[in-house]
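The values are calculated or read from the model by the stated rules, or taken from the named source; none is laboratory data. All values reported here derive from a predicted model rather than from experimental measurement. Using ideal geometry, Cβ is built from the backbone for each residue, glycine included, and neighbour counts are taken over all protein chains shown. Remember, those area values only see protein heavy atoms, side chains included, never the ligands or the DNA or RNA. Shrake-Rupley method; radii C 1.70, N 1.55, O 1.52, S 1.80 Å.
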Amino acid sequence: MKHIESQIKTNYEYSLSNLASTINNLFDGIYQSNYLLALDPNFLKIFTTEYAEDDLTKYADYTQAIRSLSRVKSSSNYIDSAYIYKRKEDIIISDNGTYLPEQFYQNLFDTKQYPPAFWHDFKANHHLFTILPPSQTSGNDRNQKESTISVVQSTVGGRYSNNLYIINLKAEAVRNLLRSYKLTPNSLIMVSDPSGNLLAASQIIDSDLHAFMSETLTDPHEKFDMTYQNQQMHVIKYSTNFFFRDATMIVAVPHSDITSFLNKMKNWNFTVTGILFVISLLLSILFSKRFYAPIRSLVQTLQRSEHKKKEELPFNELEFLNTEIRRILMDVDQLNETLSYSLPIATQHFLGKMLKTSFPYDNKTIDDYLMKLGFRFPNRFFQIGLIQCTFRKPFYDLYSEKFQTEASDTVHRILQALLPKKHPTYILELDTNLFGVLINPASAIDIDSSSYFELIDTLFRQDEAALRIHIGMGLVHENYKGMQISYMEAMKALWRVSPFDSKRIVYYSEFDHEEPRFMLNKTEENILTNLLVAGKREELMEQLKQLIKANIDQSISGTSMKQLLIHLYLIGIQVLKQKNISFEQLAPFETSEFLLSADSGSVEEISGFLFGFFDRVLALSNPSPDTFNIQRFRAYLDTHYAEEITLDILADKYNTSPKYMSRLLKNELGTTFYRYLQELRIAKAKELLIASSDPIHKIWEQVGFNNRNTFIRTFRNLEGISPTDYRKYHQPESLSL
């Protein structure tokens, strides 16, 4: 009973750790959606800006925001809905559309615990996120008798707003997640925030459960017994944090679940005792009759395996067995040493946490903990190497989704299979596509790990178009503190791997660990700005080429090169701002995907991006004679109204985006472009109806309509009568004759 109870406690500690990691990943995904929404200028505008009542552009922005919220909802099976509550404008924009708060909260998404007044008066207190306890919802067939957990945010992309951005999680999905981590059938798992609010549980939350959780939180112990619903429960508390907030996870295991493991043993007690008695009696007879025969037979078998003749048996067979048993034990020790190079999952997790955080414990505490996990390092010296795998665009274009999912595991197996045997060496999966190679040499000088990393570098260069490997190596240090130092050195070395030369392995040097940084000084920034303003393309491109080459000659890293790229990008944006040119006119030039990509890109890719970007800035800041002019535009339409004219064609002609062109024309013309074009065509048709006797089908073709029905319907909408009646009422009598 004590053994099983102890085992359940230990297993639940591991289970809760994994559960905490899973929940953390869930909320980290929500955080990532916040970051992605920050890249959507329409969403940021809606979230941070209050529209004037007569500003009609807000409806187009609302539509874009609805699409963005729909993408957030579809990004996770745990998300029930997402919406923005614009409190000053008194409107809700959700993934399903826009609503008034009373309609949304009372008829569509009625929450018992959080009425409309709660949301109207909600105080975010500048917290990035607030998790509310679950509440039952009702209002329509979709969410009838469902429960949700609301995550309230008042900041998106670092921009604070009085408006609320709310993501509702499916409480049932979270409940099923907790149930999947139960180790016994009747166990109970609960999650509480620092204020004692019950956020989630593996069963339906009621008042009894609230009271039970509150009682467990007041107990200062981490493991204790307590009664719940007339059952004796063993309680385990596990402190963790997720979503940037502390949390407490509580498990209650009924004693009946623990004792159920012993029922079968109790039933078989007498039967097993009787069988054991019979077996012991038979063994006693056999050993008393021929005690020595098995020993002699074993000696003969061992000697035959060594091709010795029967007559060569040693005089002292027991001494021979002693020797053989020692040899077998040595083989077993060697096997255990080999197997120890494969780390258990819990040990990997512990070592990864120790490397990536300032671990406060001393060597003895860490050794004791590792011993509890059934692991120990044979030596006290450590060296860390980091291998960063960057999958490039051709990889996602060429391979299936299934292979893409399994690619990281495949790389891990390859790294594990090629580990050298000279020193104990282990593979740690530290992050997505980031692997640590932990080497445990006997001394600080008797180590040569370069051959292993050179082998890995050579192997993966075969597929460099799809997968790029970067390797950083730290120095050898003593004890666990030294392991952390070696990890930081390896990380610095990894940062120094430049994507612009063939070198993929960088070894940390304590005499030369500062990365040379050239990047961009103030004088060069002023030169580029002045060349952009003056529109001197040739001088500008030559200056850019020299700047990129100078940085490459300084062995600048991929991270610093990306900073230079962003710096140059901001120079172009600043020039547009000086010339009062809208940022939206850059829309045809895709920038976010390249700037936010994890891959640094090659010299050719970065140069091509910069040259194309600055060409676009030059075109906008130094417009050609085709620059938009409303008088010339009206004259153009008067000449070409009968041709096919679309916003895309006009945007291309005037070197801008269709969306910006639409907004510009509406401001200049006082109406939408399509309505203006239709009115112009109908006006021309009216002239032809009065001044000529051409049939109707010729007239609608002459003014640019594609078919008769569209022409007649448009004419009737604008004039109130059909084209035939208009001609009848207005054409001079001589023409009609």
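Quick look at the numbers
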read-out: Segments 65-74, 200-209 sorted - mean Cβ within 10 Å per residue, highest first; value: 65-74, 200-209
read-out: Apportionment of accessible area to carbon and sulfur, the range 373-495, percent (1.4 Å); value: 54 percent
read-out: All-pairs Cα distance distribution in the range 1-49, expressed in whole percent, bin size 10 Å; value: 22, 25, 18, 15, 11, 7, 1
read-out: Rounded FRET efficiency, nearest 0.05, which uses the C-beta distance separating residue 217 from residue 28 and R0 of 22 Å; value: 0.30
read-out: FRET efficiency, 1/(1 + (r/R0)^6) with R0 25 Å, evaluated for residue 525 and residue 663 via beta carbons; value: 0.20
read-out: Solvent-accessible area, 1.4 Å probe, carbon plus sulfur percent, for the range 48-111; value: 47 percent
read-out: Separation in nanometres of the label points that stand 7 Å from Cα toward Cβ, at residue 393 and residue 447; value: 4.0 nm
read-out: Too-long pairs where the Cα-Cα distance tops 30 Å, listed order kept, from 522/579; 562/653; 666/686; 237/492; 2/421; value: 562/653; 237/492; 2/421
read-out: 361, 426, reordered so the largest accessible area comes first (probe 1.4 Å); value: 361, 426
read-out: Extension gain, residue 643 back to residue 713 (0.36 nm per residue minus Cα-Cα distance, nm); value: 23.2 nm
read-out: Cα gyration tensor category, rounded, prolate or oblate, for the range 393-552 with a/c compared to 1.5; value: oblate
read-out: Additional length obtainable on full extension of the chain from residue 408 to residue 9, 0.36 nm per residue less Cα span; value: 140.4 nm
read-out: Of all accessible heavy-atom area on the range 664-731, the percent that carbon and sulfur account for (1.4 Å); value: 44 percent
read-out: Prolate/oblate/rounded call for the range 646-702, Cα gyration tensor, a/c under 1.5 rounded; value: prolate
read-out: Chain lengthening between residue 56 and residue 550 when straightened (0.36 nm per residue, less Cα-Cα); value: 172.8 nm
read-out: Calculated FRET value between residue 454 and residue 675, using beta carbons and R₀ = 60 Å, to 0.05; value: 0.30
read-out: Rounded if a/c under 1.5, otherwise prolate or oblate - the range 442-493, Cα gyration tensor axes; value: oblate
read-out: Area of residue 325 that stays accessible when all protein chains are in place (1.4 Å probe, Å², to 10); value: 90 Å²
read-out: Cβ-based charge dipole, the range 434-479, positive-most Cα from 467, 447, 437; value: 467
read-out: Debye, to nearest 20: dipole size of the range 34-136, +1 on Lys, Arg Cβ, -1 on Asp, Glu Cβ; value: 360 debye
read-out: Ranking by accessible area, most exposed first, for 495, 119, 700 with a 1.4 Å probe; value: 495, 700, 119
read-out: Sequence of 428, 217 when ordered by accessible area, the most exposed leading, probe 1.4 angstrom; value: 217, 428
read-out: Area of residue 221 that stays accessible when all protein chains are in place (1.4 Å probe, Å², to 10); value: 110 Å²
read-out: Largest-first principal axis extents, alpha carbons of the range 1-92, Å; value: 74, 23, 18
